[in-house]
Structure formats: C-alpha cells, structure tokens
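Worksheet: one structure, shown below.
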Amino acid sequence: MATRNFLAPAAFLEDPASQSPWELDESLRYTRWLATGHYENFHVVSLLLPRELHQDFYNVYAYCRWSDDLGDELGNPARSVKMLAWWRAELEAMYAGTPPAHPVFIALAGTVRRRDLPIEPFMNLLDAFLQDQTVTRYQDWAEIEAYCVNSANPVGRLVLMLCGYRDEARFLLSDAVCTGLQLANFWQDVLVDLGKGRIYLPLDLVSKHGYSEEQLLSREDCPAFRGAMREAVDHARGYFERGQGLVFTLNPRLALDIDLFIRGGVAILDEVQAIDYAVLRQRPRIGRLQRGGILFRALAAHIPRLWSAPKEPASTAGP
C-alpha cells in the first residue's frame, strides 16, 4: 500500500482519497501523528508514562481532536451540527460492535476494549461541542460549570481510567482540575472566542463590574472589564486549589503529568494577571522558557517519589 498523506480533520473531510479503506497499523500511525504533531502547552504523552499506554493516549486524543475540530473548524454551525451527528453515530456503531471504517475509530476500538472505557465520556464531549453551535452566552457560573461537565471533565476521567483509576473521589478531584483548565483556556482566548461570536465570561459577572456585553463585543478595554477578568481568574484558581490533592493519590509517573497540566493552567492565569488582565489587547502566552521552568520545578517536586516508586505499569496502579 502506498503511503497515505495524513491530514488534519478539516482537510481530511475535503479529500475524497482519504476515504479509501484504512488498515489498523495505518490508523494507529494516523492517531499518533495527530497527537504528536499538534501544538499544545504540553505534550499529550510524556516519556514518563509507560510505553504500553502511549498508543491508547494517542487514540483517545485523536477522538477528542476530531470532535473539537468538527465543532470549531468547519466554519459553519449547521454543517458542524450535521458532522457531529455523523461522528456520534460512528461512536455508537463502534460500541455496538460494528467494524469501524474511520481511522480514529479503528484505532480507538482497541483502546476501548483493552481499557474497558465506557461510552459516556466520549458522548459528553460531543454534547459540549454541539452546545457550542447553539449556545454562545452564559448567564452565571452555574451555566459555565455545567458546560465544563461535558467539555472538560470527561477528558480527565478518561485519563484516569486509562491508568487504572475508577473511584469517585479521584474523579471529583480530576473534575476540579479539568474545570480549572477549561476556565484558564477561556481567559487566555477571550479574543479568539469573540471572533467566533462566543462569550464565556458569565454575563452577570460582567454586569456586576459595570461592564456590558456590547462593550465586550466592541473589545472595549477599561477598568470595569479588568475587574471582571480579575474575579474570573481568581475563580479559576480556586478549582486548581481544590483539585491539587489529586496529584498525591496517583502513581508518581502519572502524578507528574497531572501536576504539569495544573502548573500549566496556573501559568496561563499568571500570564493573564501579568498583563493586568488586558486580554482584549493581547493573548497571554506561555513561552518556551516558561514551559521549561514549569517542567524543571515539577521534576524537582516529584523526583523523590519517582526515585522510590515501584516500577509497576501506571495502568495497574489503581486504588
């Protein structure tokens, strides 16, 4: 078989040649390519995770990436709704035992079987991306946090399940971390989301500070807006504080990865604060040197546990 030209989801859908039959090995290479070739604040898989888990993480990531892009990269909400319905049908068919044709599901089917992953987290993500097509404003924190239940928290739960953890106490701590990460990304991308017609800052928070939706849509930077952003950043920090305890309940190698994501989320909030909450003027970024510093500090904090930890695979390190 000739080598296939791998494509990102949106381009994949426009290329009829990409619809020709996929073999398992090729599908696994595709999900790895998606996971390792896309920019993230931190890599999807670290070298500390057992090699036996790497491909499973790639496969789950590829599903999340495709779901996200179907919701955000097609440029047409009506088409996104249609394609998300198709994606949901493919997921349900895979769980029903129908041999998949799409490379992501060909790869993911083995992960679901090996790790005994339920369908609900995958479905919840689709609910969030579908919601993005019709809901562009949120009145209060309760509405935002209900959105995070579907948009962010399933990812953390899937990570825990991939690594052998299935207890509710860890799930709840993970939910706090993931909601914090989602909020941090919102506050980093206020301008990006405005460009898509979306506002994730709760409208009652904006109003409380004497600012209006109309001012936000016109990108008016002023003390009232920055006061709302300051409170939003503090709210997100509270989630990281509540979820931080998760790190100390996990296998040291997974704990380091989770700690890196927490530190990365907090670093985004620190950057928002460092620019005096002027996210309507610039997008806060974590630079390469900052990422290196985050990694160094996390390693320093975890080296004693890593050094003394037994060498069992993380996937068997449940409670």
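Since every read-out is calculated from the coordinates, none of them should be taken as a lab result. The shown structure was predicted, so the numbers you read here are calculated from the model rather than taken from an experiment. Cβ coordinates were reconstructed from backbone atoms using ideal geometry, including for glycine residues, and neighbour counts include every protein chain displayed.
Separation between the Ala142 and Ala93 pseudo-spin-labels, each 7 Å from Cα along Cα→Cβ, expressed in nm?
Taking the simple label geometry, Ala142 and Ala93 are separated by 4.0 nm.
Determine the relative contact order of the range 18-134: mean sequence separation of Cα pairs under 8 Å and six or more apart, normalised by residue count, in whole percent.
Working: 106 pairs, mean separation 40.3, N = 117.
Rounded, it is 34 percent for the range 18-134.
Placing +1 at every Lys and Arg Cβ and -1 at every Asp and Glu Cβ, with all other atoms neutral, what dipole size does the chain have around its Cα centre, in debye to the nearest 20? Before the final figure, lay out each step's value.
Values: 33 positive and 40 negative charges, 185 e Å.
Once rounded to the nearest 20, the dipole reads 900 debye.
At 25 °C and 0.890 mPa s, grab the translational diffusion coefficient of the chain from Stokes-Einstein with a Kirkwood Rh over Cα pairs, rounded to a whole number in µm² per second.
Numbers: Rh = 20.7 Å.
It comes out at roughly 118 µm²/s.
Put +1 on the Cβ of each Lys and Arg and -1 on the Cβ of each Asp and Glu in the chain; which of Tyr200, Ala96, Phe171 then has its Cα farthest toward the positive end of the dipole?
Phe171
Could you work out which residue, out of Gln215, Gln133, Gln182, moves most in a Gaussian network model of the chain, that is, has the largest mean-square fluctuation with Cα springs under 10 Å?
Greatest mean-square fluctuation among the candidates belongs to Gln215.
Normalised by the residues of the range 140-311, what does the relative contact order come to in percent, with Cα pairs under 8 Å and at least six apart? Mind dumping the intermediate values first?
Values: 177 pairs, mean separation 44.7, N = 172.
This gives 26 percent for the range 140-311.
Taking one equal scatterer on every alpha-carbon of the range 140-311, how large is log10 of I(q)/I(0) by Debye at q = 0.11, 0.12, 0.14, 0.17 1/Å?
These q points yield log10 I(q)/I(0) values of -0.50, -0.58, -0.77, -1.04.
Take every Cα pair under 8 Å in the chain that's 6+ residues apart, average their separations, divide by the length, and report that relative contact order as a whole percent. Before the final figure, lay out the partial values.
Values: 385 pairs, mean separation 56.4, N = 319.
RCO, the chain: 18 percent.
For the range 18-134, what are Rg and Dmax over the alpha carbons, in angstrom?
Rg then Dmax for the range 18-134, in Å: 14.1, 42.
Quick one: if the Förster radius is 30 Å, what FRET efficiency do Ser207 and Gln131 give, using the C-beta to C-beta distance and rounding to 0.05?
Numbers: r = 23 Å, r/R0 = 0.75.
That pair, Ser207 with Gln131, gives E of 0.85.
Most fluctuating residue of Arg237, Arg263, Arg51 in a GNM of the chain with Cα springs under 10 Å: which is it?
Of the options given, Arg51 has the highest mean-square fluctuation.
Would you kindly state how much longer the chain becomes between Asp221 and Glu23 on full extension, computed as 0.36 nm times their sequence separation minus their alpha carbon distance, in nm to one decimal?
Values: separation 198, 0.36 × 198 = 71.28 nm, distance 5.23 nm.
Computed gain between Asp221 and Glu23 is 66.0 nm.
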